[in-house]
Amino acid sequence: MKIDRDHAVYLNPDETPTSWYNILPDLPEPLPPPLNPQDKKPFSDPAPLFRIFAKELVLQEMSSERWIKIPEEIYDAYLRILRPTPLVRAKRLENFLKTPAQIYYKCEYLSPAGSHKPNTAIAQAYYNKVQGIERLVTETGAGQWGSALAMATSLFKMKCRVYMVSASYRSKPGRKTMMELWGAEVFSSPSNKTNFGRKLLADDNNHNGSLGIAISEAIEDTLSDEKSRYCLGSVLNHVLLHQTIVGLEAKKQFEKIDVYPDVISGCIGGGSNFAGFAYPFMMDNLSGKRDTEFIACEPKAVPSTTKGTYTYDYGDTGEMTPLLKMYTLGHGYLPPPIHSGGLRYHGKAPSLCLLINKGKVKPVSYHQVEVFDAAHMFAQTEGLIPAPETAHCIKYVIDEALRCKQSGEKKVIAFNDCGHGLLDLQAYDNYLSGNLKDWEPEEIKVPHYL
């Protein structure tokens, strides 16, 4: 038997990148500025945002520096959650598909929280800690972001409160347990802890919730306590910045084997997983060095980039956040309770939306059952049970590999395996028993202020 000893590419700890990549100075045009929620005018002074976010994170949000150095305390924490992660070739999936394509994936599911989310959670907790903040407040969809921030606050000896979207709170109790083990308070959203939550529960006591609603609750909570600050797990520039540690590692790993991806795919909820893996490669496209294809995958039930409007919208349902220009279904959109809870956000990261609008990234969407079919195939070939969110880009990768089979193209296809599905087994049980169904989008309303 011939043993394949080149199935994975590793980096030594001292090869971990020491700076994050900021794509803002390399975008095809300047990013449209955030608008003040009160007067709808561009922020002329970032100071009001300091009450919501740590000051250093606000400065990173607006930075024009291409490279931002990773502080030693964050770098040390990265190494302790076992960065750098491997880059693995999915040879068994290739053989099963009988494709000439090569398929690679980055193993971000290996973190203690089970996803890529600690890459920014650790950074955000650190910057808040050094500012003297005592408590962080956030929202979470499927629970991966909430788990990551709960873990990060435990590392830095801080308090944490998480508003978890009700549909996921009910269907993913394991995530709640993880967060509580790390010391966080976890509430189903909408909750009776905030005025906004109580108002929604008064109308519907069994409300499924949404990320937009949970964000509103988290911000309301934050503003009630001077020693608290809000943290977001995706969408914002500084969040995507922190995630580029993933793609920067992957570039080094591909260089080691003298390979460069022809296609890069990722799932998109807010955009941090996709951007973190893709932006370091997009840098080469934007500078004219490469012509890689970038594919962003979303659910048909929440088709922000495939059916949404590119316009300014609030990031939350309660209209408390700054308005960002993005592809959106409207901040009042109530997504169906699909199992990919991390992909149920009404909008997307502004930088990703600009790249989609300029044709630099192609969005695609899939129904829930076909996504689970792809996850099933991946589990049976590669041995890994992916998160339902990750399975969206696995669906694309399988389809692209089959297209290569028909055309004979030997493309190199890469994706970020951004989370495991070991806490999503109820969803997989529903799938195996034939009880999983596809969801069509709820009514899409263009924001009223257009």
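What follows draws every value from the coordinates through simple rules; no lab data is involved. Predicted model only: the values in this text are computed from it and were never measured. Methodologically, a virtual Cβ is constructed for each residue, glycine included, from the backbone with ideal geometry; neighbour enumeration extends over all protein chains shown.
Sequence-distant contacts, meaning Cα pairs under 8 Å at least 6 residues apart, place the relative contact order of the stretch 294-450 at 29 percent. Semi-axes of the equivalent ellipsoid for the stretch 89-178, computed as √(5λ) from the eigenvalues of its C-alpha gyration tensor and ordered from largest down, come to 33, 17, 9 Å. Would you mind telling me which residue in Gln124, Gln368, Gln38 has the biggest mean-square fluctuation in a Gaussian network model of the chain, where springs connect alpha carbons within a distance under 10 angstrom? The residue that fluctuates most here is Gln38. Between 0 and 90 degrees, the angle of helix 144-155 with respect to the longest Cα principal axis of the chain falls at about 70 degrees. Taking the chain as the reference, fit the longest principal axis to its C-alpha atoms, fit the long axis of helix 211-223 to the helix C-alpha atoms, and give the angle between the two in degrees, 0 to 90, nearest 10. Rounded to the nearest ten degrees, it is 50. Among Lys300, Lys362, a tally of other beta-carbon atoms within 10 Å of each Cβ gives an order, fewest to most, of Lys362, Lys300. Size of the stretch 390-433 from its Cα atoms: along the principal axes, largest to smallest, the extents are 39, 23, 10 Å.
The H on the amide N of Val412, modeled in the peptide plane, is under 5 Å from the matching H of Gln102, Asp262, Val263, each at least 5 residues off or on a different chain.
Which percent, nearest 5, of DSSP beta bridges in the chain are antiparallel?
Details: 18 of 51 bridges.
Taking every DSSP beta bridge with both residues in the chain, the antiparallel ones total about 35 percent.
The Cα atoms of the stretch 231-356 cover 48, 27, 25 Å along the three principal axes, with the biggest extent listed first. Within a straight-line Cα-Cα reach of under 22 Å, Lys41 can be paired with the following lysines, leaving aside sequence neighbours fewer than 8 residues apart in one chain: Lys55, Lys325, Lys348. Quick one: grab the alpha carbon gyration tensor of the stretch 157-200, order the square roots of its eigenvalues as a ≥ b ≥ c, and give me rounded if a/c is under 1.5, else prolate or oblate depending on whether a/b is larger than b/c. It is oblate, given that a/c is not under 1.5 and a/b is not larger than b/c. Going from the residue with the fewest nearby Cβ atoms within 10 Å to the one with the most, Trp145, Trp182, Trp20, Trp439 rank Trp439, Trp182, Trp20, Trp145.
Test of understanding: ordering Phe53, Phe254, Phe277 by Cβ neighbours within 10 Å, fewest first, what list do you get?
Values: Phe53 25, Phe254 18, Phe277 31.
Listing Phe53, Phe254, Phe277 from fewest to most nearby Cβ atoms yields Phe254, Phe53, Phe277.
Over the residues of the chain, the helix contribution to mean residue ellipticity at 222 nm works out to -12000 deg cm²/dmol, using -39500 (n - 2.57) for each DSSP H run of at least 4.
For Lys362, what charge total do you get from the other residues with a beta carbon under 12 Å from its beta carbon, if Lys and Arg give +1 and Asp and Glu give -1? Spell out each step's value before the answer.
Numbers: positive: Lys358, Lys360; negative: Glu293, Glu298, Glu400.
That sum, taken over residues with Cβ under 12 Å, equals -1.
Where the alpha-carbon atoms of the stretch 129-271 are placed on the principal axes, they occupy 59, 35, 27 Å, in descending order.
For the stretch 31-72 versus the stretch 262-335, the spacing of their alpha-carbon centroids is 19 Å. Relative to the dominant Cα principal axis of the chain, helix 237-256 is inclined by about 10°. For the chain, modelled as a GNM whose springs connect Cα atoms under 10 angstrom apart, the maximal fluctuation among Met377, Met164, Met151 occurs at Met377.
Geometric descriptor of the stretch 284-330, per residue, is 104 Å³ (volume of the convex hull of the Cα atoms). The ellipsoid that matches the Cα gyration tensor of the stretch 1-132 has semi-axes, each √(5λ) in whole angstrom, of 38, 20, 13, with the longest given first. Taking one quarter of the surface of the convex hull spanned by the alpha-carbon atoms of the stretch 306-376 gives a direction-averaged projected area of 5.3 nm².
In the chain, taking the dipole from charged Cβ atoms about the Cα centre, the farthest positive-side position among Ser63, Pro17, Val364 is held by Pro17.
Compute the length gained on full extension between Glu440 and Lys410: take 0.36 nm times their separation in residues and subtract their Cα-Cα distance, giving the result in nm to one decimal. Write out the running numbers ahead of the final one.
Details: separation 30, 0.36 × 30 = 10.80 nm, distance 3.52 nm.
Net length gain for the segment: 7.3 nm.
Computing Rg and the Kirkwood Rh from the Cα coordinates of the stretch 334-426 gives a ratio, Rg/Rh, of 0.99.
With 32 Å as the limit, write out which pairs from Lys157/Lys256; Lys40/Lys251; Lys256/Lys307; Lys227/Lys362; Lys176/Lys360; Lys117/Lys252 have Cα-Cα distances beyond it, or answer none. From Lys157/Lys256; Lys40/Lys251; Lys256/Lys307; Lys227/Lys362; Lys176/Lys360; Lys117/Lys252, over 32 Å: Lys157/Lys256; Lys40/Lys251; Lys256/Lys307; Lys227/Lys362; Lys176/Lys360.
Please report the relative contact order for the chain, taking Cα pairs under 8 Å with a sequence separation of at least 6, and give it as a percent rounded to a whole number.
Details: 973 pairs, mean separation 88.4, N = 450.
After rounding, I find 20 percent.
Measuring nothing but how far apart in sequence close Cα pairs (under 8 Å, 6+ apart) lie, relative to its length, the stretch 158-223 scores a relative contact order of 38 percent. For the peptides 423-430, 286-293, 97-104, the ranking by mean Cβ contacts within 10 Å, running from highest to lowest, is 97-104, 423-430, 286-293.
When the Cα atoms of the stretch 54-134 are enclosed in a convex hull and the volume is divided per residue, what value in Å³ results? Walk me through the numbers on the way to the answer.
On the way: hull volume 10.6 nm³, N = 81.
Value for the stretch 54-134: 131 Å³ per residue.
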